[in-house]
């Protein structure tokens, strides 16, 4: 029988890759769509992957519980993937209440709607390595204490614990993936990795002279979103719901990410990168490094794309887009 999946945040990076992954597996894929003034370009990531006309869209918003219930009653999903959020960490200091309402309470609304209208559905919550914040252990696993350092991280932590609570209190098959940083050519331009690869492409093509960045010494565990959405699906195929760290086990500084990107086009980063204090966070997360051994043991999952492969793919995609005067 064909399975049906509902994805919130379907037009984002992860939503697009997950849509393609599920469609390739024969799923019927539905997406929750928040209406906005950018409706003409809102499905650009799905178009990039060639699946925009295969996803069935439903108007909805995580802040509207009644609307979520109606969508669930209509779709009758077997699996629910809650990927929607105000996901840009830096913006969460300027919009802390919005971030809390959408990223935190929005997840609670989705859980409550599931409990009421689709209690047999399997639920995935997109948790974040940002919840570890001021790290309490050098390598972070499912048992590492959390210490959020931004309104975004605090909101994600609320959503994470509400998922655990609904699993334990109401018996929902609700799992959380504590995903470490995952990038791709579909990453939003406001994120540092895409800002770097887009900037490198612009410099190589003579469209820009430099890139201005914040903390070059922050290190992150970077993987490819295409690999990580497979882990989301694997969690919902387990008999027992649980929480899993998804990471590569390798941490790299922003500086070294820059070096790889510039080296890909034969340039030296020191000639083009400047530091601007306005891009620094009020409270920095200096290091994140994940231990995904539980996911490897129980899910059979491991990252397949190396950092070098990821950076090359992103730079090449931006060179292609800019050469064709395309935008994403």
Q: Inspect all residues belonging to region 99-108 and state whether any of them is more than 15 Å from residue 158 (Cβ to Cβ), buried (at least 23 other Cβ atoms within 10 Å of the Cβ) and either in contact with a helix residue (DSSP H, G or I) (Cβ under 9 Å, 6 or more places away or on another chain) or in contact (Cβ under 8 Å) with a residue 60 or more places away in the chain (or both).
A: no
Q) Given the conditions (1) in the same structural domain as residue 88 (by TED's automatic domain parsing); (2) part of a helix (DSSP H, G or I); (3) touching a helix residue (DSSP H, G or I) at 6+ places or on another chain (Cβ under 9 Å), and given that residue 164 satisfies all but one, which numbered condition is not satisfied? A) (3)
Q | Residue check for residue 247: at pLDDT below 95 and within 21 Å of residue 188 (Cβ to Cβ) | A | no
Q) Has region 84-97 got at least one residue that is in contact with a strand residue (DSSP E or B) (Cβ under 6 Å, 6 or more places away or on another chain) and either under 30 Å from residue 239 (Cα atoms) or modelled with pLDDT under 95 (or both)? A) yes
Q. Any idea which residue in region 58-88 is farthest from residue 152 (Cα to Cα), counting only those that are under 15 Å from the mean Cα position of the chain (by Cα) and part of a strand (DSSP E or B)?
A. 81
Q.
Among the listed residues 317, 261, 231, 241, identify the single one that is over 17 Å from the mean Cα position of the chain (by Cα), within 17 Å of residue 142 (Cβ to Cβ) and crowded, with 20+ Cβ neighbours inside 10 Å.
A. 241
Q | Condition check for residue 130: free of Cβ contacts under 8 Å to residues at least 60 places away in the same chain and either closer than 18 Å to residue 161 by Cβ or surrounded by fewer than 17 Cβ atoms within 10 Å (Cβ to Cβ) (or both) | A | no
Q: Considering every residue within region 12-29, establish whether at least one is at pLDDT below 95 and touching a strand residue (DSSP E or B) at 6+ places or on another chain (Cβ under 6 Å).
A: no
Q | Tabulated pairs, region 293-321, first more than 17 Å from residue 220 (Cβ to Cβ), second at pLDDT below 95 and in a loop (DSSP other than H, G, I, E, B), C-beta under 7 angstrom, 6+ apart or interchain | A | 321/327; 321/328
(Q) Pairs needed: first member in region 260-281, in the same structural domain as residue 204 (by TED's automatic domain parsing) and farther than 17 Å from residue 208 by Cβ; second member anywhere, assigned to a loop (DSSP other than H, G, I, E, B) and modelled with pLDDT under 95; C-beta distance under 6 Å; at least 6 residues apart or different chains. (A) 280/214; 280/215
Q: Using the structure shown, decide if residue 305 is touching a strand residue (DSSP E or B) at 6+ places or on another chain (Cβ under 8 Å), surrounded by fewer than 21 Cβ atoms within 10 Å (Cβ to Cβ) and assigned to a strand (DSSP E or B).
A: no
**Q.** Residue tally, condition surrounded by 13 or more Cβ atoms within 10 Å (Cβ to Cβ) and more than 30 Å from residue 154 (Cβ to Cβ), over region 269-301
**A.** 3
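The values are calculated or read from the model by the stated rules, or taken from the named source; none is laboratory data. Just so we're clear, the structure is a prediction, and the values are computed from it rather than from any experiment. Positions of Cβ are backbone-derived with ideal geometry, glycine not excepted, and every protein chain shown enters the neighbour counts.
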